[in-house]
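Asks: To start, I am sharing the structure in question, which I have written as structure tokens.
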Amino acid sequence: MNSIFLFVGLVTIITAPFVWWRLENDIPSARFLTTHEKVQAIERLRANQTGTGNREFKLSHLLELALESKTYLFIGMTLLLNLGTQVSNTFGPLILAGFGFNPYTTSLLNIPFGVLQFLAILAGSYAAYKSRFKSFILASFMLPVIAGTALLYALPRTHSEQAPLMVGFYLFAFVFAGNPLIVAWIIGNTGGTTKKSVMMACYQGASAAGNIVGPLLFTSNQAPAYHPGLRDVLGVFVALVAVVFIQLADLVVLNKMQRRKRVVNGKQAVLKDRSMEDHYVGYEEENETGDGPRLGEGAFLDLTDRKNDEFVYVY
């Protein structure tokens, strides 16, 4: 086990200089974009109102973040998800051993589980990109996890039940689509560099806390079925789906507030965000009003999502 960590650390050290050398810092320095494409990329940022970055730490952003309910819902979502992942991360081999497999077979059975993790991440990211709905995709990917955990909890550890037990274990691979979806959902609903940076720090803290607390749900005296731990994890994922829909309702309310602000400021109530379309569409081209204030003026002023009336929360 120590050799694995040493190898991963060595790969990180070797690749870091290459990433620093080749990875671009921002759009203007991107060598793979033409001058025209750089302008279009910046205009896409104008459309999604997330800004291009700022090096100034703004206390007002931090205070706004601390007073918002969606901050704590995102933190809760992250904590619950990473708390539940310990079924496979830490106790996966032990759970497989409880099905009656020897250590060699257990290692082999973890290989397709890793493949399923990879496919679940790709499928979840692609589905969220095409549908534009992070919430429904995140919740739908948690449903197989709930079903798989329920199977592991309910089925006896007998030879005749090995096949359905394996199905339940492999269904758990869908959980790994969760973190990329949560990160994308956070970024898409947070404006302002300081606010976004602190929010991502909160995400990392919640993720770490979940990984620390998760193993405490399982103890050696629960072997081989680990029923108490699985019962707790089942409750965790049901709670996660509930938090996702609470966050969705919160964002719906925030968008209604944003629409009212736009009307008061002389702008149209509904704005179309085409920043993620396959083909470039100009922001003003899609949201022309004919009169009233010019749109997109505040996109690069490092405003928070609450201070920018043109910010549209994504579901």
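Read-outs throughout are calculated quantities, based only on the coordinates presented, and are distinct from any laboratory measurement. A quick note: this is a predicted structure, and the numbers were derived from the prediction, not measured. Cβ placement follows ideal geometry from the backbone for every residue including glycine, while neighbour counts extend to all protein chains displayed.
Asks: Under a plain spin-label model, where a point goes 7 Å from the Cα along Cα-to-Cβ, how far apart in nm are S3 and N102?
Replies: Label-label distance for S3 and N102, simple model: 2.1 nm.
Asks: If packing is taken as the mean number of other Cβ atoms within 10 Å per residue, what is the order of 253-265, 206-218, highest first?
Replies: 206-218, 253-265
Asks: Classify segment 65-249 from the C-alpha gyration tensor, please: rounded if a/c falls under 1.5, else prolate or oblate depending on whether a/b exceeds b/c.
Replies: Since a/c reaches 1.5 and a/b is larger than b/c, the shape of segment 65-249 is classed as prolate.
Asks: Follow-up question, since we're still on this one. Can you order the peptides 154-164, 114-124, 178-188, 7-17 by their average number of other Cβ atoms within 10 Å per residue, highest first?
Replies: Highest to lowest by the protection proxy: 178-188, 114-124, 154-164, 7-17.
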